[in-house]
Amino acid sequence: RSKRAGKGIYTLYDRSMHEDLTQRMLMDKHLRTALDQDEFSLYYQPQLSFETGQIVGFEALLRWSSPELGNVPPNLFVPVAEDNRLIISIGEWVMITACAFMKDLHNKGYTECRISVNISVIQMAQDDFISTVLDILEDTGLAPSFLELEITESIFMDSYEIIIYKLEILRSLGVRIALDDFGTGYSSLSYLKQLPISTLKIDKSFIDNLPDESKNRSLTEAIIVMGHKLGLEIVAEGVESYKQLAFLKESGCDHIQGYFLSRPVEESQVPVLMEKY
Ligand code: C2E
Ligand code: MG
Ligand code: MG
Ligand code: MG
């Protein structure tokens, strides 16, 4: 399966691997023109506070509608955009659009609402990452405390000391940092010590079979207690049922996000949600 296999390599690929490669090459090709041709949009998914029963913020989720490939989910195209580094310009577009959206919502009277934006490690590794974020905040007029950057443990890939340093600077300026998909991957506990985070997002895989599955129940409760002892706000991701909601409320979780409240919606639907909750 490796490149070193040399001749006869195709016999080692199964069909799905080959299709996967073709898919990636097609995405790579069409991603190059996608930004110029206005093929991206953002959807917004609300996060609800148990304390107030109100929406405290929205996560911006990227959508790509390609004339050639149709609607491609971010789990498929973001890795390709990371490989060809287009995620730098796409991510900048996401942050500008999301911050302008939130400033607009503030102007409509919802002055306490926050926006969460997913950030790729490739973006954070850019030398001008901090000034890019600060410029966008200044240009859109959004105060730093209303922007939350969602990062994952993938930042621990390489030169992560510099990235942590950048996050510390942004945090000290008031920008919030959320650790996304918490609990998946490797040695997550050491990240809590090293990262200047304000929010923990418990991964959907822990939430899925609550409250029936006893191990996930214990883990979720433990994550909430531990997070609170570290002064963090806890968000549960992927909440789909009332049973899950009730358990999370009982366990002291701060915020929930998921289809039970709302799927990600387009911008025009956001005021409707603000009125509903
Ligand atoms: P994520 O940041 O963990 O986002 C949560 C994902 O879970 C979203 O999928 C959301 O639509 C989905 N979700 C939310 N509630 C529920 C639920 O109750 N049930 C189920 N089944 N799913 C739920 P989406 O929008 O397809 O995004 C997938 C991933 O793509 C995101 O995971 C994030 O890692 C990445 N992504 C999305 N937008 C961006 C972006 O602007 N930049 C970067 N770098 N990555 C992005
Ligand atoms: Mg996220
Ligand atoms: Mg997540
Ligand atoms: Mg994810």
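Go through region 107-145 and report how many residues are within 16 Å of ligand 2 (Cβ to nearest atom), closer than 13 Å to Ile96 by Cβ and out of contact with any helix residue (DSSP H, G or I) (no Cβ under 8 Å at 6 or more places or on another chain).
0
Tell me, which residue of region 181-202 that is buried (at least 22 other Cβ atoms within 10 Å of the Cβ) and farther than 20 Å from Ser131 by Cα is nearest to ligand 3 (Cβ to nearest atom)?
Looking at residues that are buried (at least 22 other Cβ atoms within 10 Å of the Cβ) and farther than 20 Å from Ser131 by Cα, I get Lys201.
Evaluate region 216-238: report whether one residue or more is touching a Pro at 6+ places or on another chain (Cβ under 6 Å), of a type in the set (Lys, Arg) and surrounded by 14 or more Cβ atoms within 10 Å (Cβ to Cβ).
Taking every residue of region 216-238 in turn, at least one turns out to be touching a Pro at 6+ places or on another chain (Cβ under 6 Å), of a type in the set (Lys, Arg) and surrounded by 14 or more Cβ atoms within 10 Å (Cβ to Cβ).
Just one of Val78, Val121, Val56 is among the aliphatic types (A, V, I, L, M), touching a Ser or Thr at 6+ places or on another chain (Cβ under 6 Å), farther than 15 Å from Glu267 by Cβ and within 16 Å of ligand 3 (Cβ to nearest atom); which is it?
None of the other options fit; the residue is Val121.
If Asn209 satisfies all but one of (1) modelled with pLDDT under 95; (2) more than 16 Å from Glu153 (Cα to Cα); (3) within 15 Å of ligand 2 (Cβ to nearest atom), what's the number of the condition it fails?
Unmet condition: (3).
Here's a check for you: in region 167-195, which residue that is of a type in the set (Val, Ile, Thr) and part of a loop (DSSP other than H, G, I, E, B) is nearest to ligand 1 (Cβ to nearest atom)?
Step by step, filter region 167-195, then rank; the result is Thr184.
Which is without any contact (Cβ under 8 Å) to a residue 40 or more places away in the chain and either within 18 Å of Glu39 (Cβ to Cβ) or in a strand (DSSP E or B) (or both), of Ile115, Ile164, Ile88, Ile96?
One residue alone meets the criteria, Ile88.
List the strands (runs of 3 or more DSSP E) inside region 197-257, counting only whole elements, that have at least 1 residues being within 22 Å of Leu149 (Cβ to Cβ) and of a type in the set (Ser, Thr, Tyr).
199-202
Scanning region 221-244 for residues that are more than 11 Å from ligand 1 (Cβ to nearest atom) and touching a Gly at 6+ places or on another chain (Cβ under 9 Å), which turns out farthest from Ser172 (Cα to Cα)?
Glu221
For region 124-131, indicate whether the set of residues that are crowded, with 20+ Cβ neighbours inside 10 Å, away from ligand 3 (no atom under 16 Å from the Cβ), more than 16 Å from the chain's Cα centre (by Cα) and of a type in the set (Phe, Trp, Tyr) is non-empty.
Looking through region 124-131, at least one residue is crowded, with 20+ Cβ neighbours inside 10 Å, away from ligand 3 (no atom under 16 Å from the Cβ), more than 16 Å from the chain's Cα centre (by Cα) and of a type in the set (Phe, Trp, Tyr).
Please determine whether any residue of region 259-267 is within 16 Å of ligand 3 (Cβ to nearest atom), of a type in the set (Asp, Glu) and surrounded by 13 or more Cβ atoms within 10 Å (Cβ to Cβ).
No, every residue in region 259-267 fails to be within 16 Å of ligand 3 (Cβ to nearest atom), of a type in the set (Asp, Glu) and surrounded by 13 or more Cβ atoms within 10 Å (Cβ to Cβ).
Hey, among Val225, Val175, Val265, which residue is farther than 20 Å from Arg114 by Cα, at pLDDT 95 or above and away from ligand 4 (no atom under 16 Å from the Cβ)?
Only one candidate qualifies: Val225.
The values are calculated or read from the model by the stated rules, or taken from the named source; none is laboratory data. Fair warning: this is a prediction, and the values are worked out from it, not measured in the lab. Cβ sites come from the backbone with ideal geometry, for glycine too, and all protein chains shown count toward neighbours.
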